[in-house]
């Protein structure tokens, strides 16, 4: 595939994007990087990433991978920010190029972006990920792909550089739909862990005894195995931030057409809203903090 | 310990009690069995259990294990049922005997029963279990022990016949407190699994694709690994019944002193109430049924 011979552009150099860019470079790709905060790209020069402008990136790259904040940021990168008068990537890329968006956004936005890029003969894949900073560093992310078959085919060689499990979920937007489903499972798993540990604490049960029983039985979960030990050592830093979880839950709870109310998800959304309102830089596993207030 | 030399009495021959009785007999104990439905004990004769009356059982046994329905049933067995005018086990057992109650009841009931048995010099351990019918059959139950140290010491040889993980949680009632904590974790894990699968279904995502991603990542849980495959093959039978889960959640949500509301647990309680109202003999993993109604 000719897309594999050109340079790869990476846009967005948070924790996730930085690791993705380094792994693409480590697998032999020429990687050009762009961020609105250029210093973040310059930090990655030592790992083989070449800082450049958005125009340079679009001119040199037949594949561009996005890892930015949210749907508004993706929209601004792709289609221009009218407030700034800047041109968007979609007008700069050559026909036949490929855009891989790893940012978690609403499924409807993903489908809309695909539609607008297709009109310019640009391939598009929505490819949100799970596996956290550790998965991004070790290229063991799970990647949930939505897009037309040919677009996903073209994306595969790049996705295999950054993840170990690449799943075709469905047409454009379906990667994002699956990501929302996954975040419902993660958030409610955290609620389950949190309320069991809070109840144990309230009942005067040793947290170590409680955790030993909980994670060994039918209550067991990834959250108990991975988050609970951090809680018991009072480590509330992200990992994955509570603010990002809230953003993802809002997509799941309010931005997807649903034939049924999901009462657990609504409860989780309210709880994470309270956590984020505390205004600290907390991980999503820190939900236990709000149970220590007098009112929930 | 002299308690280990006498016969063991087992009261209650549901699925759990029957397996416990058989495992005690298989490990060399002489086992006497009593049930209000004598045919259930007679079925276990082939496995070395001798059917008898409550009076015979009390006369021969220095250790009695209870596996009945709920707190009211335990109360009736131990202290008599005034409606029937029957005598309770506590007046029939010799001083120095041991009562092991594996039935899940409220912690306050467990503490009260211990108090009343202690007044008659009878040792008492609350020993609710987790691990289901499979754990009961294979003697791999996890047993959560509440009681005075000497009572638990006396119970250990018997508990090791029916379970593989015996945990001292604390004084009388603390086994039941831990059981309630565990059930909160189990119930919310089922809510997490259910709402993720329901959302996937609503979004047109293949259940196999969704389950593959969910159980492989940060949403992963015992529920996804064990219950979800049953759901996908449309097997909604218990395992552990929805009615028992509702009973356990009511203990956790309404019968324990708590300094904080647990919003997820309250939501789970409402959902399991709706499931049990459907009146079918459903397993606790069948929660997905109520999401298929028009109103939740």
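Readers should treat all values here as calculations from the given coordinates under stated rules, not as data from a laboratory. What you see is a predicted model; the values in this text were computed from it and never measured. Here Cβ is always computed from backbone atoms with ideal geometry, including for glycine, and neighbour counts include all displayed protein chains.
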Review point. What number, in percent, do you get for the relative contact order of chain B if the mean sequence gap of Cα pairs under 8 Å and at least 6 apart is divided by its residue count?
Key: 13 percent
Check your understanding: When the Cα centres of the stretch A:207-280 and the stretch A:138-157 are compared, how far apart do they sit, in Å?
Key -> 27 Å
Point to revise | Most mobile listed residue (A:107, A:95, A:263) in chain A, GNM with C-alpha springs under 10 Å | key: A:263
Exercise for review: Specify the residue with the greatest mean-square fluctuation among B:80, B:217, B:131, computed from a Gaussian network of chain B linking alpha-carbon atoms under 10 Å apart.
Suggested key: B:217
Point to revise | Among A:105, A:77, A:46: highest mean-square fluctuation, GNM of chain A, C-alpha pairs under 10 Å | key: A:46
**Study point:** Label point 7 Å beyond Cα along the C-beta direction, distances from residue A:72 to other copies (nm, shortest first)
**Key:** 5.7
Point to revise | Spatial separation of Cα centroids for the stretch B:73-127 and the stretch A:95-121, in angstrom | key: 68 Å
**Study point:** Cα long-axis angle, helix A:242-254 against chain A (0 to 90 degrees, to the nearest 10)
**Key:** 80 degrees
Revision key, fill the gap. Inter-copy distances for residue A:208, label 7 Å out on the Cα-Cβ vector, sorted ascending, nm, one decimal, are 4.6
Review point. When Cβ neighbours within 10 Å are restricted to other protein chains, what is their mean count per residue of peptide B:169-178?
Key: 4
Review point. Put a dot 7 Å past each Cα toward the Cβ at residue A:138 and residue A:292; how far apart are the dots in nm?
Key: 3.0 nm
Check your understanding: Given 5 Å bins starting at zero, what is the percent of C-alpha pairs of the stretch A:116-265 in each, up to the one with the largest pair distance?
Key -> 2, 8, 14, 17, 16, 15, 12, 7, 4, 2, 1, 1, 0
Point to revise | Proxy reagent accessibility, fewest Cβ within 10 Å first, across A:109, A:281, B:273 | key: A:281, B:273, A:109
Practice item. Treat the count of other C-beta atoms within 10 Å as a stand-in for reagent exposure and order B:186, A:15, A:74 from fewest to most. Key: A:15, A:74, B:186
Check your understanding: If we count other beta carbons within 10 Å of each Cβ, what is the order of B:261, A:122, A:11, A:166, fewest first?
Key -> B:261, A:166, A:122, A:11
Point to revise | With eigenvalues of the C-alpha gyration tensor scaled by 5 and rooted, the stretch B:53-124, Å | key: 17, 15, 12
Study note, to complete from the structure: Averaging 1/r across every pair of distinct alpha carbons in the stretch A:7-171 and inverting yields a Kirkwood hydrodynamic radius, in angstrom, of 15.3 Å
Review point. On a 0 to 90 degree scale, rounded to 10, what angle separates helix A:15-26 from the longest Cα axis of chain A?
Key: 50 degrees
Review point. If one computes the Cα centroid of the stretch B:1-53 and of the stretch B:57-72, what distance in Å separates the two points?
Key: 10 Å
Study note, to complete from the structure: Over the Cα atoms of chain A the radius of gyration and the largest Cα-Cα distance (Dmax), both in Å, equal 20.3, 65
Practice item. In nm to one decimal, list the spacings between the residue B:91 label point and its equivalents in the other copies, with label points set 7 Å along Cα to Cβ, shortest first. Key: 9.4
**Study point:** MRE, 222 nm, helices only [DSSP H, n ≥ 4, -39500 (n - 2.57), over chain B, to nearest 500]
**Key:** -15000 deg cm²/dmol
Point to revise | Cα-based helix-to-principal-axis angle, A:149-162 vs chain A, degrees rounded to 10 | key: 70 degrees
